[in-house]
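Structure record follows, encoded as structure tokens.
The values are calculated or read from the model by the stated rules, or taken from the named source; none is laboratory data. This is a predicted model, so every value here is computed, not measured. Remember, those area values only see protein heavy atoms, side chains included, never the ligands or the DNA or RNA. Shrake-Rupley method; radii C 1.70, N 1.55, O 1.52, S 1.80 Å.
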Amino acid sequence: MIRGMKSAAVALVTLLAVTALSVLPASAAAWSSSDKFGSWSNGGYTVRNDVWGGGAGSQSIWANSYSNWGVTANHPNTGGVKAYPHSARNVGKKISALGSLTSSFNVSRPGSGAYTSAYDIWAGGNAYEIMLWMNKQGSVGPIGSQQTSASVGGHSWNIYKGTNGSNQVFSFVRTGNTNSGTVDIKAVMNWIKNKGWIGDATMNEVQFGFEITSSSGGLNFTTNSYSVSFS
């Protein structure tokens, strides 16, 4: 190759390398944070890191959208919930005013640690907390005592009732683990209402994420997709 052609070839290779590097950030997450209470608003939802428990370790969160996000969490092997990274959508309607309220999810989760993949649903100005445990791993358990078992909202549950000192907690623990599915949340709320445990409360946030007790060594949790629909 003559000198002029060689110089042009080197310049072209250099330009292509610089161009490739300039494209790389596009493949990175749209948002990330290592702040305990880092949050990001997207598409009418809020994604939160929410490292709220005592004795927590480190946790970083990333999100491409409200529907696709995840965390790398390294929490010690001790008792007590350390974090609840989640994506949330506010509803703002009374139970009776809802024509429908459904949600779908799909997750990838580790096979070790102690955690749940769960909905945390708030109603009545946060006086009522309704948890829907879609799967559980390790030594974890719901608040309160088991009241009954039932099939409602498209799933079969063991249902617990208790209080955390600040609000009433109703926990629906799925009888078998699943990493994906759709839940008829209005049907669940009507079931609770018909039991006399709650009145015609206003639905606040529908949250979905990972309630992590321990994830020693650093474990990855990913929500591949998540959405809430209501009318």
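General remarks:
- Theoretical ellipticity at 222 nm over the chain - DSSP helices of four or more residues, -39500 (n - 2.57) apiece, nearest 500: -4500 deg cm²/dmol
- Folded to 0 to 90 degrees: helix 3-23 orientation relative to the chain principal axis, Cα: 10 degrees
- Top of S180, S103, S112 by mean-square fluctuation, Gaussian network on the chain, Cα under 10 Å: S112
- With the whole protein complex present, S32 retains an accessible surface near 80 Å², based on a 1.4 Å probe.
- Pairs of Lys residues in the chain, spaced 8 or more positions apart or belonging to different chains, with C-alpha separations under 19 angstrom: 12 in total.
- Extension reserve of the N177-S229 stretch, reckoned as 0.36 nm per residue once the Cα distance is removed: 16.4 nm
- Taking every DSSP bridge with both residues inside the chain, close to 95 percent are antiparallel.
- Radius ratio Rg over Rh of region 120-231, counting only Cα atoms, Kirkwood formula for Rh: 0.95
- Whole-Å semi-axes of the chain's equivalent ellipsoid (Cα gyration tensor): 42, 20, 15
- Rounded to 5, percent antiparallel among DSSP beta bridges of region 128-191: 70 percent
- Compared with the dominant Cα axis of the chain, that is its longest principal axis, helix 185-194 is turned about 20°.
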